[in-house]
Amino acid sequence: MSDPLTLKNDIDYMKALAQDGGRRPIINGGSLFWAGITFGAASLIHYGFWTHMIPMPNPWFSAVNWLGAGLIYAVLAVLSIRGSIKKYGHGGSMNVAIGNIWSGIGFAIFVIAMCLIVAGTHMEQMEATMSMLAPAILVLYGLGWWIVSAISGQGWLKFVCFGAFLGAAGTSFMAGEPEQFLAYTACLILFATVPGLIIMLQAKKA
């Protein structure tokens, strides 16, 4: 049986999140905005490698592309988060929870990408394994938006969630085709950059 005190603390925490969601704006929109921009650009570059529009002397260039995008994103995300904290403060319990949610999802995405890169290099089938990257990441984005919607009370984010899930299904059907990464870029703009921008604008108006 659950400890009554622990259960009470959990309930109090959920109440605090609900109260925060009703009166505080989400302040981490910038990190989602930059995620769509940086990884969308990496997806376009990957498309260029695959179609030979961009020379790729070594298969490792594909890995460097995604790793480089990850590093650039990390810098931009940190600067964005610091700027938001400086402007709005830490944002209360809700924003702390949302920050932890996206941090966990970001780490999961990094691990999945590394596993696919290692597997693709080991089997010499980089394109085949990387075809699973877009659907997996979009599913995680959808999960993140669902939880953020529930915590913040912003119902419109559930439409973003469902859009990300549909994008995951759509990009799965395109597996093995270079155009998958064009579709993935569009999904990142629609389900990361655009909602991130809307959240930033909401925070400024609050």
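The values are calculated or read from the model by the stated rules, or taken from the named source; none is laboratory data. Owing to the predicted nature of the structure, the values given are computational and were not obtained by experimental measurement. Ideal geometry is used to build each Cβ from the backbone, glycine not excepted, and the neighbour counts take in all protein chains shown. Remember, those area values only see protein heavy atoms, side chains included, never the ligands or the DNA or RNA. Shrake-Rupley method; radii C 1.70, N 1.55, O 1.52, S 1.80 Å.
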(request) List the number of the failed condition for K204; all other conditions in (1) in contact with a Gly (Cβ under 8 Å, 6 or more places away or on another chain); (2) part of a helix (DSSP H, G or I) hold. (result) (1)
(request) Answer yes if at least one residue in segment 182-201 is among the aromatic types (F, W, Y) and more than 30 Å from Y88 (Cβ to Cβ), and no otherwise. (result) yes
(message) Looking at L188, L197, can you tell me which residue is within 17 Å of the chain's Cα centre (by Cα) and open to solvent by less than 60 Å² (accessible area, probe 1.4 Å)?
(response) L188
(request) Sort out for me the helices (runs of 4 or more DSSP H) sitting completely within segment 72-184 that have 1 or more residues that are modelled with pLDDT of 90 or more and in contact with a Lys or Arg (Cβ under 6 Å, 6 or more places away or on another chain). (result) 133-152
(message) Name the single residue that is farthest from the chain's Cα centre (by Cα) among those in segment 151-167 being under 23 Å from N100 (Cβ atoms) and open to solvent by less than 20 Å² (accessible area, probe 1.4 Å).
(response) S152
(message) Just checking, does segment 23-31 include any residue being open to solvent by less than 50 Å² (accessible area, probe 1.4 Å), modelled with pLDDT of 90 or more and hydroxyl-bearing (S, T, Y)?
(response) yes
(message) What pairs come out if I take residues in segment 166-179 that are within 19 Å of A42 (Cβ to Cβ) and pair them with residues that are loosely packed, with under 14 Cβ neighbours inside 10 Å whose C-beta lies under 6 Å away, six or more apart or interchain?
(response) P178/T51
(message) I'm told H46 meets every condition in (1) modelled with pLDDT under 85; (2) surrounded by 19 or more Cβ atoms within 10 Å (Cβ to Cβ) except one. Can you identify the failing condition by its number?
(response) (1)
